[in-house]
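The values are calculated or read from the model by the stated rules, or taken from the named source; none is laboratory data. These numbers were taken from a predicted model, which means no experiment stands behind them. We place every Cβ from the backbone using ideal geometry, glycine too, and count neighbours over all the protein chains shown.
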Amino acid sequence: MPEPVEPFVAVYAEHLPAVSRYLARRVDRDDVDDLAADVFAIAWRKRAQVAPGEELPWLYRIAAYQVANHRRRLAARASVLGLLAVPDSAPSAESIVTADAELARAWAAISPRDREVLALVVIDDLAVAQAAVALGITPNAVSIRLHRAKKALAAAIDAETRAAETPSPATGDERSASPAT
């Protein structure tokens with residue numbers, strides 16, 4: 001007897017917008033619908049593997065693999081054609097913070113690993129346990145990574161603030177230069 005389709009349809013209807021937003025921050029907008037379809041096709045085939053209540057982080061994990069595969073395909077296509085393609089032309093998690101130039105520079109200064117955990121917990125609004133499923137690590141490891149990522153971002157923001165407050169030598173500010181005695 002065939003398995004009922006209704007539970008999967010409910011998961012699809014509930015989580016398609018979140019998965020599409022996740023993808024839109026990582027790939028070109030023209031590719032979002034196709035990748036979302038691929039994510040849910042894989043989810044349909046592997047639906048028995050997800051624990052109830054962990055559907056969204058599980059879908060994010062599938063989406064992350066699809067984004068990585070998509071980027072590899074783009075890179076392979078670009079290398080074959082000898083063209084330089086922009087890997088991320090759609091708004092990304094990074095573009096969300098670019099409204100503040102200092103924050104944008106600080107965001108760029110931290111590691112991709114730190115950006116990913118911050119994006120999942122802060123921007124995608126996942127709980128630590130859900131982020132753990134999405135990243136394929138333990139909740140404790142996510143907590144540690146998140147703590148370190150927050151510290152790294154705070155340090156980068158502090159460094160950007162100090163750099164912005166330091167007068168440049170080109171301004172002719174002689175108070176910053178002290179003679180050697």
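So which residues in segment 37-68 are free of Cβ contacts under 8 Å to residues at least 24 places away in the same chain and either under 16 Å from ALA134 (Cβ atoms) or in contact with a helix residue (DSSP H, G or I) (Cβ under 8 Å, 6 or more places away or on another chain) (or both), if there are any at all?
LYS46, GLN49, VAL50, ALA51, GLY53, ILE62, TYR65, ALA68
Tally up the residues in segment 41-60 that are assigned to a helix (DSSP H, G or I), surrounded by fewer than 20 Cβ atoms within 10 Å (Cβ to Cβ) and within 21 Å of the chain's Cα centre (by Cα), please.
Residues that pass the stated criteria total 1.
Within the bounds of segment 2-10, is there any residue that is of a type in the set (Phe, Trp, Tyr), surrounded by 15 or more Cβ atoms within 10 Å (Cβ to Cβ), modelled with pLDDT of 90 or more and not in a loop (DSSP other than H, G, I, E, B)?
No, the conditions are met nowhere in segment 2-10.
For (1) in a loop (DSSP other than H, G, I, E, B); (2) among the hydrophobic types (A, V, I, L, M, F, W, C); (3) modelled with pLDDT under 90, each residue gets a yes or a no:
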site	(1), (2), (3)
ALA106	no, yes, yes
ARG115	no, no, yes
LEU118	no, yes, yes
VAL122	no, yes, yes
ALA129	no, yes, no
ALA132	no, yes, no
ASN140	no, no, no
ILE144	no, yes, no
ARG148	no, no, no
